[in-house]
Structure formats: structure tokens, C-alpha cells
Amino acid sequence: MVVYPEGIWYSGVQPEDAAEIVEEHFVHGRIVERLANSDAAALRAEAGAHRDRMSERLRRKDAAGTAPDQLLQTIRGFQESRVILTALELDIFSATGNGAGTEEVARRIHADPRATGMLLNALTAMGLLTKRDGRFADTPVAARFLAAQGQNDVRAELLSTELWSFWSKLTDAVRAGTAVGYEARDEDWTEAFIAAMYRGAMERAGGVIGALGVSGVRRMLDVGGGSGGYSIAFAKANSELTADVLDLPTVIPYARRYCAAADVEDRVRVVGGDLSRGPFGAGYDLVFVSSVCHIFSESQNRELLQRCFEACAPGGRVAIHDYLLEPDKTAPKTAAMFALTMLVATAEGSNYSEAEYSSWLSSAGFEGIHSVRPPGPFGLVVGVRPVAR
Ligand SMILES: C[S@@+](CC[C@H](N)C(=O)[O-])C[C@H]1O[C@@H](n2cnc3c(N)ncnc32)[C@H](O)[C@@H]1O
């Protein structure tokens, strides 16, 4: 075992030494002398022996024609995901809390004790629970994010059950070229989805505002603005800015609630409508299109951006904020995977590259097209409506 950054090597470490190393070295910064090894020749020999054992194992696997571990782990990756999803569906982390035995948890979640025990053990193996003297407790990350009593309870916003059922239709969707077995979403789904959008906006708005700037923006249109989170952040950053948030009528009550809570409802107007048709009005300094283009096809986006152009004041800007794929569309991985989420969950959605957005903006009449990359997988592609010459 090597502890970095100090580079202290402990030789012959046994499981029963772990508590002492954690307490002495990690907590108090004191080297556990009885295990520390600074004999360079012995360390080289030990490292060599480890390497030889590993190489021997790999040689045997290779000779037997066994598929590589990493490939098998990826293929079976759904198992760990399914364990967490089931834990969320059964609200395990609220039930385990600071500590509970198997029977107690099974009673709380109305499930079979034997099966509950197996699930709890697997969650412990995955590092989401601890197990001591037969009692299970949430690890800090599970306690904070996945339990009812958590400081940042994100259970509903994960939309996990929904995504699981969409993704289980991936094979059908690839065959059909579109989402298969799509069902209308209910009110609970909309509330959870908009809550997730709000949290994302709170995380990213600072970077977006830093990249776009707010001075000179008096009127902003937030197309498919969801929770209104970005408009709220823009309004807070510039006291002279007013924003119109356009979204589906079913989303409006939630967006209004966020605007009221942020105390900007006098400057952020929330309007119900259909962004896929009709004019957006005119005279906006900034038309912001965040996480909307990935819902639509190329032709739908071209048409949408044309209407964004008409909505911009001369000299005004459009800003597309979305996952930006590299030109060959194979990276970043999150964006390539998200394209498949759009395949299984929408009629014609996908993910696009900066070059695609730039060419659509150019066709719509925008000039000065450029991109900005705030930290994270999202990027901005910005175009300016030219002042008439
Ligand atoms: C992924 S969310 C993005 C929300 C917000 N722009 C953000 O970045 O946080 C997409 C939004 O587009 C809205 N939307 C989808 N189709 C729409 C339509 N035809 N008319 C109006 N809004 C629509 C959805 O209701 C949702 O709020």
C-alpha cells in the first residue's frame, strides 16, 4: 500500500491494519512505523512480485480466451445501476439512515427480509452503505443526496425509473429510428423534471453569464426556458434586464413559483406557448436557447433558429446552450450518450456539434458566430443579428 502524496510505502498490510493506518496516518499524519518500508531494493522486489502475479493472471485469462475484465464490467454495468434504482424505488436510504438492521429496513420498506438483506449487502459493496455489527447506515454521499432527510435530496429529480424504461427500449429505438412506446408524462414527472432543470441552471448560470455578459442586455427571450432559472440569474445580474420565458402551459406554474421565490416575478415574465411554431416577437437583445435544440431534428432546428433571428433586435445575439459534440460526434462521452437519451425519449432529437450549430446559425442570417466553453460538458454557440446596412 502506498500513501500519496507522501509516497509512504506500507508492506505486508493486512485488513486488521487498516483502522490503525486510517487513524494514525490519515487523521493524525503520523507514519505507522511498524509497517512502513523505506528499503528501496526490497520495495522494488515487492513491486516486481506484484506485477509478476498480475501478469501471470492476465496470461492465464488470455490463454483461456476469457474476455477482458473491463469489457465484462461494462457489459454488466446495468447491474449496479439497477441496484441503485431499486434502492431508490424502495426508498432504502431513507430507511437505513443512521443505522438499522435488515429486519427493521425490510419492515420499513414493506419488503422480504432475505431479499432486503441481499440488496443491502450489494449497496454496501458499492460503497453507498456501511455495515457494522449487522446494522446498515448511509455513507455521507447517500445520506446527503439519496435520503428523505438529506441536505440535498435529489431522489425525485433523478427521474431514474423513467429513464430506465426509456433506455430499455434502445434496441427498438435503433431499429425504428425514433422513441418507441412513448407515454405522456404526468404532473409529478413535470414537477421533478423542472426541479432538475432548475438545479442544473443554478449550477451553470454563473458560467453562462460570465461567458455572455449582461451589460447591454435589456430584453431577453428564454426559449423553452423551463424553470426560468437562467432568466432569473440574468435578471439578478442586471437590474435593468427583463426576460420573457416561453414554455409549455403545463410548465408555467412551476416556472412562476421559481420566479416568485427569487423575487424577480416583476421582471421575468413567464408565457405559455408552443416554441415549435409561430413568431417569437421582436426586439430582443438576447435570445437564449438552452437545452432545447437537442429535442429536435436538424430541419426543426434550422426553422427554430430562423424564428430566433427574427426575434433578435439588430445587433442582438442568439446563444445556443447545449452539449457540444466534437466534430466526429464521439466525444465528450456524456454528450454522445445523451444523444441516445434523446433517441429513446424523443421523436427526432439528438445531439449536435459546434460546426452544425454554426452552419445553421449562418444559414439563418447570423454573423460573428463563435463558441464559448464554460467549465463542464455544455458549450455556447453565439451569433449576432447584423445591424442593417
Ligand atoms: C431540457 S428543458 C430545458 C429548460 C431550460 N431551457 C434549461 O436549460 O434549464 C427543455 C424545455 O423545453 C420545453 N419544451 C419542449 N417542447 C416545447 C414546445 N413545443 N413548446 C414550448 N416548450 C417546449 C420543455 O417543457 C422544457 O422546459
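Quickly run through region 264-281 and pick out the residues that are more than 10 Å from the ligand (Cβ to nearest atom) and among the basic types (Lys, Arg). ARG267, ARG269, listed by residue number. Do we find a residue being under 23 Å from the mean Cα position of the chain (by Cα) and under 23 Å from ALA205 (Cα atoms) anywhere in region 311-318? No, every residue in region 311-318 fails to be under 23 Å from the mean Cα position of the chain (by Cα) and under 23 Å from ALA205 (Cα atoms).
Considering each of ASP69, ASP17 in turn, give the residue that is among the acidic types (Asp, Glu), at pLDDT below 95 and either under 30 Å from LEU119 (Cβ atoms) or surrounded by 12 or more Cβ atoms within 10 Å (Cβ to Cβ) (or both). Even if it seems obvious, please write down each step before you answer.
Working: ASP17 fails: at pLDDT below 95.
Within the list ASP69, ASP17, the selection yields ASP69.
All conditions in (1) surrounded by fewer than 14 Cβ atoms within 10 Å (Cβ to Cβ); (2) among the small types (Gly, Ala, Ser); (3) within 13 Å of the ligand (Cβ to nearest atom) hold for SER291, with the sole exception of (1).
Name the residues in region 17-62 that are of a type in the set (A, V, I, L, M) and under 40 Å from the mean Cα position of the chain (by Cα), would you? Across region 17-62, the qualifying residues are ALA18, ALA19, ILE21, VAL22, VAL27, ILE31, ALA47, MET54, LEU58.
Of ARG302, ARG317, ARG385, which residue is under 22 Å from GLY228 (Cβ atoms) and surrounded by 15 or more Cβ atoms within 10 Å (Cβ to Cβ)? After ruling out the rest, the residue left standing is ARG317. Determine whether region 361-370 contains at least one residue that is within 28 Å of ARG185 (Cβ to Cβ) and either crowded, with 17+ Cβ neighbours inside 10 Å or not hydroxyl-bearing (Ser, Thr, Tyr) (or both). Scanning region 361-370, I find no residue that is within 28 Å of ARG185 (Cβ to Cβ) and either crowded, with 17+ Cβ neighbours inside 10 Å or not hydroxyl-bearing (Ser, Thr, Tyr) (or both), so the answer is no.
Do the conditions hold for TYR284, that is, is it more than 10 Å from the ligand (Cβ to nearest atom), among the aromatic types (Phe, Trp, Tyr), buried (at least 19 other Cβ atoms within 10 Å of the Cβ) and under 28 Å from the mean Cα position of the chain (by Cα)? In short, no.
Would you please name the residue that is surrounded by the most Cβ atoms within 10 Å (Cβ to Cβ), looking only at residues in region 320-350 that are in contact with a Leu (Cβ under 6 Å, 6 or more places away or on another chain) and within 22 Å of TYR230 (Cβ to Cβ)? In this case the residue turns out to be HIS321. Suppose we keep only residues that are within 24 Å of VAL384 (Cα to Cα) and either exposed (fewer than 14 other Cβ atoms within 10 Å of the Cβ) or charged (D, E, K, R) (or both) within region 242-263. Which one would you say is nearest to the ligand (Cβ to nearest atom)? That would be ASP247.
With the condition kept exactly as written, say whether any residue in region 178-192 is on the phi > 0 side of the Ramachandran plot and either part of a strand (DSSP E or B) or not aromatic (Phe, Trp, Tyr) (or both). Scanning region 178-192 turns up at least one residue that is on the phi > 0 side of the Ramachandran plot and either part of a strand (DSSP E or B) or not aromatic (Phe, Trp, Tyr) (or both).
Among the residues of region 211-224, those that are more than 8 Å from the ligand (Cβ to nearest atom) and hydrophobic (A, V, I, L, M, F, W, C) comprise ALA211, LEU212, VAL214, VAL217, MET220, LEU221.
The condition of being under 21 Å from the mean Cα position of the chain (by Cα) and within 13 Å of ALA87 (Cβ to Cβ) holds for only one of LEU170, LEU129, LEU158, LEU120, that being LEU158. Among residues of region 324-351 that are over 16 Å from GLY379 (Cα atoms), those with a beta-carbon under 8 Å from a residue that is basic (Lys, Arg) at least six positions away or on a different chain give the pairs VAL344/LYS169.
Name the single residue, out of those in region 152-177 being loosely packed, with under 15 Cβ neighbours inside 10 Å and of a type in the set (Ser, Thr, Tyr), that is modelled with the lowest pLDDT. Within region 152-177, the match that is modelled with the lowest pLDDT is THR161.
Looking only at region 95-136, count how many residues are part of a helix (DSSP H, G or I) and surrounded by 19 or more Cβ atoms within 10 Å (Cβ to Cβ).
Going residue by residue through region 95-136, those that are part of a helix (DSSP H, G or I) are 95-96, 102-109, 113-125.
Going one step further and asking which of them are surrounded by 19 or more Cβ atoms within 10 Å (Cβ to Cβ), we end up with 95-96, 102, 105-106, 116, 119-120, 123.
Number of matching residues: 9.
Among the residues of region 82-94, none qualifies, meaning not one is part of a helix (DSSP H, G or I) and over 32 Å from the mean Cα position of the chain (by Cα). Put simply, of ARG44, ARG34 the only residue that is without any contact (Cβ under 8 Å) to a residue 12 or more places away in the chain and in a helix (DSSP H, G or I) is ARG44. In the set SER227, SER231, SER239, only one residue is more than 22 Å from ASP153 (Cα to Cα) and either assigned to a loop (DSSP other than H, G, I, E, B) or away from the ligand (no atom under 11 Å from the Cβ) (or both); that residue is SER239. Figure legend. Inter-residue proximity from region 294-309: first residues away from the ligand (no atom under 15 Å from the Cβ), second residues among the charged types (D, E, K, R), beta-carbon distance below 7 Å, spacing 6+ or different chains. Indicated pairs: PHE309/ARG385.
Just wondering, is there one or more residues in region 196-210 that are farther than 20 Å from PRO279 by Cβ, part of a loop (DSSP other than H, G, I, E, B) and away from the ligand (no atom under 12 Å from the Cβ)?
Let us first name the residues in region 196-210 that are farther than 20 Å from PRO279 by Cβ, namely 196-210.
Remaining after also requiring part of a loop (DSSP other than H, G, I, E, B): none.
Checked against the condition, which is being farther than 20 Å from PRO279 by Cβ, part of a loop (DSSP other than H, G, I, E, B) and away from the ligand (no atom under 12 Å from the Cβ), region 196-210 yields no hits at all.
The values are calculated or read from the model by the stated rules, or taken from the named source; none is laboratory data. Because the structure is predicted, anything quoted here is derived from the model rather than measured. All Cβ positions, glycine included, derive from the backbone under ideal geometry; neighbour counts span all protein chains shown.
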